[in-house]
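K.L.:
A single structure is presented below for examination.
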Amino acid sequence: MRQARDGDERAFREIVETYEGAVAATVIGMLGPGGTADDVGQEVFVRFWRSLGNFRGDAALKTYLTRIAINLSLNELKRRKRFLDRFISRDREGDDAPLIEPATDGTATVDRRDTRASVQAAVRRLKPEHRAVVVLRMIEGHDTNTTAEMLDVRPGTVMSRLSRAMQALKPLLADHVEKGDD
Amino acid sequence: MTEHDLQLEQLLRDKGRSNFGPGFADRVMRRVEEEPVGWIDSLTLPDFVRFAAAALVLAVALAVFSLSGSSERSQTALEAVLGLDPVTATSIYDAQALMPAASESAS
């Protein structure tokens with residue numbers, strides 16, 4: 001870490017290789033696979049490179065990078081939503097909007113026999129705030145307090161969002177859970 | 001929590017993760033190399049502390065140097081440290097100092 005802070009690119013590359021899995025899980029979990037997720041993943045590390053001088057090491061590096069990743073992913077989702085809102089009339093805005101969003105990224109056509117693709121597609125159909133909790137808490141395995149800190153919400157909010165998200169995921173993944181397949 | 005809930009959690013843990021395509025680290029490093037590095041961007045905190053310490057020593061040395069001749073120039077200590085000319089009645093009412101252009105045209 002100290003070498004990377006002194007501008008050693010080889011040391012920084014080691015950090016990238018060590019933590020790219022954690023960043024990928026967050027970014028792809030939020031945005032789905034593809035070029036945009038890759039770009040956002042790169043941006044996470046570029047921003048970290050820029051802020052190396054300010055990183056004091058108080059937070060675990062994985063937590064620090066995941067926080068950047070979740071914030072950039074949420075920004076990208078907001079950008080997508082603004083783009084879609086220009087072209088799609090949404091009459092269902094507000095608190096009573098359904099928890100599950102319509103598939104707009106081709107996930108409706110996922111091969112249901114592919115468990116991994118089905119799980120990821122189901123997670124991406126959750127609303128962003130619920131999706132973020134599932135990605136950080138269930139997929140990445142952060143504890144409730146860390147997840148709350150990353151999302152800047154109270155731990156109780158994390159738990160209630162997680163509960164609602166899991167309820168929403170049950171019917172979407174019922175086949176895979178019952179089959180217990182791989 | 002039911003057996004079904006536990007299975008769902010396990011499914012998410014096992015199948016929810018993804019990876020970037022091959023060569024991700026190379027792509028990141030290409031972008032890092034393209035980052036503009038100005039001299040001020042490359043300063044680290046230890047660099048800044050060294051720079052600030054040197055600047056402080058220089059400022060103190062200049063102040064001591066200015067103070068050393070202050071009594072001959074009838075300057076107060078503050079004037080000497082700040083490098084100001086002593087304020088006298090002559091300097092206040094010196095027309096040339098107040099309006100150099102006017103005094104030049106009059107002459």
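K.L.:
Rank A:Tyr64, B:Tyr93 by accessible area, highest first, at a 1.4 Å probe radius? If you can, show how the numbers build up before the last one.
P.N.:
Numbers: A:Tyr64 60, B:Tyr93 180 Å².
These residues rank, largest area first, as B:Tyr93, A:Tyr64.
K.L.:
Is there a simple number for the mean count of other chain Cβ atoms within 10 Å of the Cβ of residues in A:12-23, and what is it? Before the final figure, lay out the partial values.
P.N.:
On the way: counts 4, 5, 1, 2, 7, 3, 1, 0, 5, 5, 1, 4.
Across A:12-23, the average partner-chain Cβ count within 10 Å equals 3.
K.L.:
If you don't mind, there's one more thing I want to ask. Roll a 1.4 Å probe over the protein heavy atoms and report the accessible area of B:Ile92 in Å², nearest 10.
P.N.:
Taking all protein chains as shown, B:Ile92 has close to 90 Å².
K.L.:
May I pose another question? Using the Karplus curve 6.51 cos²θ - 1.76 cosθ + 1.60 with θ = phi - 60°, work out ³J(HN,Hα) for each residue of the range A:61-72 in order, rounded to whole Hz, and write x for Gly and Pro.
P.N.:
After applying 6.51 cos²θ - 1.76 cosθ + 1.60, I find 4, 4, 5, 4, 5, 5, 5, 4, 4, 5, 5, 5 Hz.
K.L.:
Rounded to the nearest 10 Å², what accessible area does A:Glu20 have for a 1.4 Å probe in the complete protein model?
P.N.:
Counting only protein heavy atoms, A:Glu20 exposes about 40 Å² to solvent.
K.L.:
Something else about it: How far, in nm, would the chain grow between A:Lys78 and A:Ala11 when pulled straight, counting 0.36 nm per residue and subtracting the alpha carbon separation?
P.N.:
Numbers: separation 67, 0.36 × 67 = 24.12 nm, distance 3.37 nm.
In short, 20.7 nm is gained.
K.L.:
Computed FRET efficiency, Cβ-Cβ of A:Arg50 and B:Glu79, R0 45 Å: what is it to the nearest 0.05? Please list the in-between numbers first.
P.N.:
Numbers: r = 45 Å, r/R0 = 1.01.
The formula returns an efficiency of 0.50 here.
K.L.:
A follow-up question, please. Would you mind checking which residues have amide H under 5 Å from A:Leu126's amide H? H placed 1.01 Å from N; only 5 or more apart, or other chain.
P.N.:
When sequence neighbours closer than 5 places are left aside, the close amide H contacts are A:Glu101.
K.L.:
State, in square angstrom and to the nearest 100, the accessible area buried between chains B and A, both chains counted, probe radius 1.4 Å.
P.N.:
On the way: alone 9730 and 11100 Å², together 17530 Å².
Using a 1.4 Å probe, the pair buries roughly 3300 Å².
K.L.:
Still on this structure, please answer the following. Need the C-alpha centroid separation for the range A:140-181 versus the range A:122-137, integer Å.
P.N.:
After rounding, the separation between the Cα centres reads 7 Å.
K.L.:
How much solvent-accessible surface does B:Ser68 expose, in Å² to the nearest 10, with a 1.4 Å probe and all protein chains in place?
P.N.:
Ignoring ligands and nucleic acids, B:Ser68 comes out at about 80 Å².
The values are calculated or read from the model by the stated rules, or taken from the named source; none is laboratory data. Note that the structure is a prediction, hence the values are computed from the model and not measured. No Cβ is skipped: glycine too gets one built from the backbone with ideal geometry, and neighbour counts run over all protein chains shown. Note: areas computed on protein heavy atoms with side chains; ligands, DNA, RNA excluded. Shrake-Rupley method; radii C 1.70, N 1.55, O 1.52, S 1.80 Å.
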